[in-house]
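The values are calculated or read from the model by the stated rules, or taken from the named source; none is laboratory data. Bear in mind that the values here come from a model prediction, so they are computed numbers and not experimental data. Please note: Cβ atoms are built from the backbone with ideal geometry, for glycine as well, and neighbour counts cover all protein chains shown.
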Amino acid sequence: MSQDFLIFVFIVFAIAYLSYGSRDILNKLLIAFNIKIKTKAYKDFVILWHPILINKFPFYVLLNATEQDTFCYRTRNIMRHLEFVDAEEGEFITETMEVCVSASLAQITFGWQDYLPPNLKKIVLFKDTYYSNLFHRDVKGLTFAHHTMLSWRYFEEGFKDETDKLNLALHEMGHVLWVNRKSYPEEDEEIKEWEWFAKQEMAKMLDNPETAFLREYAATNLAEMWACSIETFFEAPVEFKQKLPEIYGKMAKILNQDMAGRVGKIKRGRSTMIS
Ligand SMILES: [Zn+2]
């Protein structure tokens, strides 16, 4: 091993240490250099979870084999990175829940090389709705600076209808990206432009709620507008692109993925097969 190479490795680690602290350095480096280490444990993970992801995640079905491999790899990595807390104080949380929650984050950050939002550390799972002391009412999910709370009942409900633009997991993971948005300075201009179009639409929604494409709750504030737009981006992308092309276009740029294009490609493929 040459001295220059050792100096290079030392510099890379020093930069990583200064950037991220001692925790997760290796993980961050692997992500930054897009290096996948496929251990036997990873291969076993794919064998076990591939059929379950096919059943539970419509997004996963739309991916080609290489993308599915990336999705599995990222899901497992997210799962290992996050702490899952059982709010029921029993043996409520299962591996399926951990995989599915991690997969929902892998879905919305699929276009990014750095798919781990830096501030998200913990997922708290409840069986059903739970009482929020902050809002003084029962809620299905909430996202804070470093953790997200989810009702498992409504998590599952969200994936039952894949086109109704209602998906708790995608909504809350949308909030995670919103909370972390300052960590993505390269997206800053795009987010500002998205905000400009979003504000126009929110004003229209308040004036004419009956003709709005996005659900009423989106007009509450920019954070809810973003979270509801994330749900719609994945559950009704073609319609979203037709009805609100500027907002859809900015989201596709920020997320670095074009869901309408992906869905359209699959549909075209199917019709070619039929004819
Ligand atoms: Zn929300």
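State whether the residues of the stretch 177-184 include one that is outside any helix (DSSP H, G or I), away from the ligand (no atom under 11 Å from the Cβ) and within 21 Å of Ser104 (Cα to Cα). Don't jump to the end; show me each part of the working.
Residues of the stretch 177-184 outside any helix (DSSP H, G or I): 180, 184.
Add one more test, that the residue is away from the ligand (no atom under 11 Å from the Cβ), and what stays is 180, 184.
Pick out the ones that are also within 21 Å of Ser104 (Cα to Cα) and you get 180, 184.
Yes, that holds for at least one residue.
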Which condition from (1) under 20 Å from Tyr184 (Cα atoms); (2) outside any helix (DSSP H, G or I); (3) at pLDDT 70 or above is the one that Arg23 breaks? (3)
Of everything in the stretch 103-126, what is in contact with a Pro (Cβ under 9 Å, 6 or more places away or on another chain) and part of a loop (DSSP other than H, G, I, E, B)? Give them in sequence order. Thr109
Would you check if there is a residue in the stretch 202-215 being away from the ligand (no atom under 12 Å from the Cβ), at pLDDT below 95 and under 29 Å from Val101 (Cα atoms)? no
Is it the case that the stretch 252-270 has a residue that's surrounded by fewer than 22 Cβ atoms within 10 Å (Cβ to Cβ), within 16 Å of the ligand (Cβ to nearest atom) and within 16 Å of Trp194 (Cβ to Cβ)? no
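Counting only residues that are without any contact (Cβ under 8 Å) to a residue 24 or more places away in the chain and over 16 Å from Pro117 (Cα atoms), how many does the stretch 71-97 have?
First, pick out the residues of the stretch 71-97 that are without any contact (Cβ under 8 Å) to a residue 24 or more places away in the chain: 79-80, 89-91, 94-95.
Within this subset, residues satisfying the condition of being over 16 Å from Pro117 (Cα atoms) are 89-91, 94-95.
The qualifying residues number 5.
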Regarding the stretch 160-173, can at least one residue be identified that is more than 30 Å from Phe92 (Cα to Cα) and of a type outside the set (Val, Ile, Thr)? no
Can you tell me how many residues in the stretch 31-46 are farther than 15 Å from Arg80 by Cα and modelled with pLDDT under 80? 4
Boolean, Lys199 is of a type in the set (Lys, Arg) and without any contact (Cβ under 8 Å) to a residue 60 or more places away in the chain: yes
Looking at the stretch 132-176, which of its residues are of a type in the set (Phe, Trp, Tyr) and either away from the ligand (no atom under 15 Å from the Cβ) or under 13 Å from the mean Cα position of the chain (by Cα) (or both)? Trp152, Phe159
Filter the stretch 228-243 down to residues that are charged (D, E, K, R) and more than 16 Å from the ligand (Cβ to nearest atom) and give me whichever is surrounded by the most Cβ atoms within 10 Å (Cβ to Cβ). Lys241
Within the stretch 68-84, residues of a type outside the set (S, T, N, Q), surrounded by 14 or more Cβ atoms within 10 Å (Cβ to Cβ) and either over 17 Å from the mean Cα position of the chain (by Cα) or part of a helix (DSSP H, G or I) (or both) come out as Asp69, Phe71, Cys72, Tyr73, Arg74, Arg76, Ile78, Met79, His81
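For (1) in contact with a helix residue (DSSP H, G or I) (Cβ under 7 Å, 6 or more places away or on another chain); (2) among the hydrophobic types (A, V, I, L, M, F, W, C); (3) not assigned by TED's automatic domain parsing to the domain that holds Glu67, each residue gets a yes or a no:
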position: Trp178; (1), (2), (3): yes, yes, no
position: Ala203; (1), (2), (3): no, yes, yes
position: Ala223; (1), (2), (3): yes, yes, yes
position: Met251; (1), (2), (3): yes, yes, yes
When Glu195 is evaluated against the numbered criteria (1) more than 29 Å from Met79 (Cβ to Cβ); (2) in a helix (DSSP H, G or I); (3) within 13 Å of the ligand (Cβ to nearest atom); (4) not small (Gly, Ala, Ser), which criterion, by number, is the only one it fails? (3)
Using beta carbons and a limit of 6 Å, which pairs, at least six apart or on different chains, have the first residue in the stretch 253-270 and without any contact (Cβ under 8 Å) to a residue 60 or more places away in the chain and the second one of a type in the set (Phe, Trp, Tyr)? Met259/Phe233; Met259/Phe234
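From the list Leu116, Leu63, Leu30, which residue is more than 30 Å from Thr232 (Cβ to Cβ), surrounded by 13 or more Cβ atoms within 10 Å (Cβ to Cβ) and among the aliphatic types (A, V, I, L, M)?
That would be Leu30, the only listed residue that is more than 30 Å from Thr232 (Cβ to Cβ), surrounded by 13 or more Cβ atoms within 10 Å (Cβ to Cβ) and among the aliphatic types (A, V, I, L, M).
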What about Met225, is it within 16 Å of the ligand (Cβ to nearest atom), in contact (Cβ under 8 Å) with a residue 12 or more places away in the chain and over 26 Å from Phe159 (Cβ atoms)? no
